[in-house]
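One structure below.
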Amino acid sequence: MKNLLATAFIATLVVGAPCAPAIAQSDEVNVVLFGMPYTRGLQAIADDFEAESGIKANIDVIGQDVFENRITLSFTGATGDIDVVHTPVIQVQRWVAAGWLKPITEEVDAMPGKDDILAGPLDAYLINGERWALPFMAGAGLMTYRKDLLDAAGLDVPETWEEMLEVAAAIHNEDTAAIALRAVPGQGFNMFIFPMIMRAYGGKFFEDYVNGDLTPAINSPENLEALNIYIKLLNEYAPQGAGNFNFAEVNAAAQNGQIVFAVEGTGVVSQIVNPEKSKFARETGLALPPGGPAGRSPAIAVHGLGIPASAENPDAAAKFIEWAVSTETVTKISLAQPFPDFTTGTVADNADVIAKYADVHPDFLRLRVEALDLAIGHYRPLIPEWPALGAAIGENINAAVNGLMSPEDALAAAEQEMADILGS
Amino acid sequence: MIVPAVLAVGLFAIVPLAGMLALSFSDYHLIRGTNWKYGFHNFARLISDQRLLNSIYVMAVLSIFGVAAQVVIGTAVAVGLNKIVGKWRLGRVLFLLPYAVPHVAVALIWLSLFTPTLSPINAFFNLFGITVPAFLTTQNGAMFAIVVADTWTNFPFTMLIILAALQGISTELEEAAALDGATRVNTFIFITLPLLVPALLMVTLFRFIDSLKHFPMIFVITKGGPGRSTQATNFYAYVQTFQNSNVAYGAAIAVFLFVFAAVISFYVARLNQRVSS
């Protein structure tokens, strides 16, 4: 009967779904990824995999907006048309709970290059004692700042969010806003940024996540203090319209010299400090994100490659993943694309890679490693309900930022909705 | 001869509809599966769902203002283009271009235009010391932005239909009115417009039904924000289905939307029949 309901779901989706690739032959592997520098780089060198293994890789890189529909259709229908799937760590718990992924513990353990993968991102895919994906990317939160403007104003780089408020007040003017941050609602948008402030003030999502107490605890004095700072920064010291900014708008504002500070993921930061893309790259400095009374908590985002439970060619898929995260492949992509977020450790030893990113910014790779060391794995909770929880919290936070509700009401509403989602 | 049509309707309309209906009575959840609970529980929840009510309001505002703008602008442009003769008639193609641009691309263009730090419009007014408001951070402003983007890409459809209808109106009627001393405005209001009513009703109905499916503009331009203030009903069904994994409830919202569109279509079709007769 469950299959019947799944079939009904597919029937409602299938007519409007984009054309799915046909089931792969045994010497082919179908890969579905969403667009980012690594995935585009992988697509560009797909022929290398065929030359090495004799297996043809059909790599489909699609927009993140259609990705969710595309994979849901494939997974619920067990259509077998995807052999390797882009697996963000914030989704993996949900997919595992739904039975959509194949455990790849044996395959990973058999890979000679396994120990070359950074342990933190690797273990982010360890659930119930099994591995469910191999990471290819770990982005961390960093802060960019305009050295020239801070020097001219005689101001230091803020170490805490409290100091950020003071510096922002001193440097904000009509021509150059003090700061831009992601504010648009979404678990990958404002909920990528806000927890950096929240955790710096000792705020948390649940009473005791580590020990399994998932009683919602977002409506706390610590989180309120953090939210008030986030709101103040966006409403008083950010460019006009910042309440709807996503990473693209933050990136553009920094590259065009419209802001002094940006706190962003390393993927965006690498573009802000890249002289080929940014008018003010040479004047831009890098630092860890500000901290607070509870320390510093840079954001972290991990992406990997998994094998759907319904994959027709899991063996070929495992070979593809091994190739895709190998030192040689990742080095090629890192040199060809703006991709400093690799999780294959030895890539960082490559002289060409070091030279490329040192040229972009001398502190970049060092700070990225520092930020990853400081970041906590469950920066965003690793539970199946997180996509729904993150969206609900993000929408209420955004409503508070844009004055549609008070910060107190936003946190109270978020906590109630968390309870509803977890209890429903 | 009728078999292909029956098969097409069966495959592309009846099967998905039946699937959606079956899901809407179930408790199917993408992660938790099902506890075999069947009934009207999802529809009962719809009645007390404040987010659904808000989404209906958003949908109504976007549809009413969007369709009205598209019909008015489309008609005005069609009337203008109908007067053009000779090789300049090729210029009509220019007005069709917005209709050919994919909706996601349209949304990205308008997102840039409504983002103060990216918009050339804001930059232009800034030269004169004028600050254009930030539309996307208020509910009304964000809905206005979506209506503008939707109108820009869809008015050519209404223009095409009205232009075709205008070309079906005999020029003798206008000439006779001119001989009787009627002004151009009076001729349009009292002769052309009444003859356009069936086409206007049809195009309004088509656009209205299509407008209920608001998604790409919202997804790209506002992500449903600020807060949830631009989450139209179709977007809300997506949120429940794909974000919250609650497929059964998402299907119930979709069924509600389908019934709503069917009722509107029925009444507009009846109105069209009355006008025609």
A:VAL347: passes all of (1) surrounded by 19 or more Cβ atoms within 10 Å (Cβ to Cβ); (2) free of Cβ contacts under 8 Å to residues at least 60 places away in the same chain; (3) under 22 Å from A:TRP95 (Cβ atoms) but (3)
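With A:THR87, A:THR79 as the choices, which residue is of a type in the set (S, T, N, Q) and surrounded by 21 or more Cβ atoms within 10 Å (Cβ to Cβ)? Quick ask: steps written out before the conclusion?
Values: A:THR79 fails: surrounded by 21 or more Cβ atoms within 10 Å (Cβ to Cβ).
Every option except A:THR87 fails the conditions.
For every residue, the table says whether it meets (1) among the aliphatic types (A, V, I, L, M); (2) open to solvent by less than 20 Å² (accessible area, probe 1.4 Å).
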site: A:GLU236; (1), (2): no, no
site: A:GLY241; (1), (2): no, yes
site: A:ILE272; (1), (2): yes, yes
site: A:GLU276; (1), (2): no, no
site: A:PRO290; (1), (2): no, yes
site: A:ALA294; (1), (2): yes, no
site: A:SER297; (1), (2): no, yes
Considering residues that are open to solvent by 30 Å² or more (accessible area, probe 1.4 Å) and modelled with pLDDT under 90, the number found within the stretch A:56-76 is 5
Scanning the stretch A:220-248 residue by residue, those modelled with pLDDT of 95 or more and either touching a Cys at 6+ places or on another chain (Cβ under 8 Å) or among the aliphatic types (A, V, I, L, M) (or both) turn out to be A:LEU224, A:ALA226, A:LEU227, A:ILE229, A:ILE231, A:LEU233, A:LEU234, A:ALA238, A:ALA242
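Please state which one of B:VAL185, B:VAL132, B:VAL101, B:VAL106 is under 27 Å from B:PRO226 (Cα atoms) and open to solvent by 30 Å² or more (accessible area, probe 1.4 Å).
Step by step, each of B:VAL185, B:VAL132, B:VAL101, B:VAL106 is checked, and only B:VAL101 is under 27 Å from B:PRO226 (Cα atoms) and open to solvent by 30 Å² or more (accessible area, probe 1.4 Å).
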Residue hits (the stretch B:37-67; closer than 30 Å to B:THR187 by Cα and exposed (fewer than 15 other Cβ atoms within 10 Å of the Cβ)) are B:ILE64
Going through the stretch A:381-424 in order, the residues found to be in a helix (DSSP H, G or I), hydrophobic (A, V, I, L, M, F, W, C) and open to solvent by 30 Å² or more (accessible area, probe 1.4 Å) are A:ALA412, A:ALA419, A:ILE421, A:LEU422
Scanning the stretch B:167-180 residue by residue, those open to solvent by less than 60 Å² (accessible area, probe 1.4 Å) and outside any helix (DSSP H, G or I) turn out to be B:ILE169, B:SER170
Condition check for A:VAL360: touching a residue at least 40 places away in the same chain (Cβ under 8 Å) and assigned by TED's automatic domain parsing to the domain that holds A:ILE117
yes
In the stretch B:240-262, is there at least one residue being touching a residue at least 40 places away in the same chain (Cβ under 8 Å), in a loop (DSSP other than H, G, I, E, B) and more than 8 Å from chain A (Cβ to nearest Cβ)? no
Looking at the stretch A:127-146, is at least one residue at pLDDT 95 or above, open to solvent by 30 Å² or more (accessible area, probe 1.4 Å) and in the same structural domain as A:GLY285 (by TED's automatic domain parsing)? yes
Screening A:ILE197, A:ILE179 for residues that are in contact (Cβ under 8 Å) with a residue 24 or more places away in the chain, part of a strand (DSSP E or B) and open to solvent by less than 40 Å² (accessible area, probe 1.4 Å) leaves only A:ILE179
Considering residues that are over 17 Å from B:MET143 (Cβ atoms) and within 10 Å of another protein chain (Cβ to nearest Cβ), the number found within the stretch B:99-117 is 5
Residues of the stretch A:299-319 being open to solvent by less than 10 Å² (accessible area, probe 1.4 Å) and either within 22 Å of A:ALA242 (Cβ to Cβ) or touching a Lys or Arg at 6+ places or on another chain (Cβ under 7 Å) (or both), in sequence order, are A:ALA299, A:ILE307, A:PRO308
- Message: With the structure loaded, tell me whether A:VAL302 is within 14 Å of another protein chain (Cβ to nearest Cβ) and assigned to a strand (DSSP E or B) or whether it fails that test.
- Response: no
Per the list (1) within 22 Å of the chain's Cα centre (by Cα); (2) surrounded by fewer than 21 Cβ atoms within 10 Å (Cβ to Cβ); (3) away from chain B (no Cβ under 14 Å), residue check on A:PRO362 breaks on (1)
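Report whether or not B:GLY86 is of a type outside the set (A, V, I, L, M), within 11 Å of chain A (Cβ to nearest Cβ) and open to solvent by less than 60 Å² (accessible area, probe 1.4 Å).
Details: of a type outside the set (A, V, I, L, M): yes; within 11 Å of chain A (Cβ to nearest Cβ): no; open to solvent by less than 60 Å² (accessible area, probe 1.4 Å): yes.
No, not satisfied.
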With criteria (1) open to solvent by 20 Å² or more (accessible area, probe 1.4 Å); (2) facing chain A (nearest Cβ under 10 Å); (3) more than 27 Å from the chain's Cα centre (by Cα); (4) of a type in the set (A, V, I, L, M), B:LEU30 comes up short on (1)
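Checking the condition away from chain A (no Cβ under 14 Å), among the hydrophobic types (A, V, I, L, M, F, W, C), in contact with a Pro (Cβ under 8 Å, 6 or more places away or on another chain) and part of a helix (DSSP H, G or I), which residue from B:VAL197, B:VAL275 passes?
B:VAL275
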Of the residues in the stretch B:135-148, those that are more than 10 Å from chain A (Cβ to nearest Cβ), buried (at least 21 other Cβ atoms within 10 Å of the Cβ) and under 20 Å from A:ALA242 (Cα atoms) come to B:MET143, B:ILE146
When (1) open to solvent by 70 Å² or more (accessible area, probe 1.4 Å); (2) more than 10 Å from chain A (Cβ to nearest Cβ); (3) outside any loop (DSSP other than H, G, I, E, B); (4) free of Cβ contacts under 8 Å to residues at least 60 places away in the same chain are applied to B:ASN126, the one that fails is (2)
* **B:GLY66 being touching a residue at least 12 places away in the same chain (Cβ under 8 Å) and either on the phi < 0 side of the Ramachandran plot or facing chain A (nearest Cβ under 10 Å) (or both)** => yes
Restricting the stretch A:249-277 to residues that are in contact with a strand residue (DSSP E or B) (Cβ under 6 Å, 6 or more places away or on another chain), in a helix (DSSP H, G or I) and at pLDDT below 95, the one farthest from B:GLY227 (Cα to Cα) turns out to be A:ILE272
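Based on this model, can you work out whether A:GLY377 counts as at positive phi and either at the interface with chain B (Cβ under 9 Å from one of its Cβ atoms) or within 21 Å of the chain's Cα centre (by Cα) (or both)?
Spelling it out, it is not the case that A:GLY377 is at positive phi and either at the interface with chain B (Cβ under 9 Å from one of its Cβ atoms) or within 21 Å of the chain's Cα centre (by Cα) (or both).
The values are calculated or read from the model by the stated rules, or taken from the named source; none is laboratory data. What you see is a predicted model; the values in this text were computed from it and never measured. No Cβ is skipped: glycine too gets one built from the backbone with ideal geometry, and neighbour counts run over all protein chains shown. The accessibility values were calculated without ligands, DNA or RNA, using every heavy atom of the protein model including side chains. Shrake-Rupley method; radii C 1.70, N 1.55, O 1.52, S 1.80 Å.
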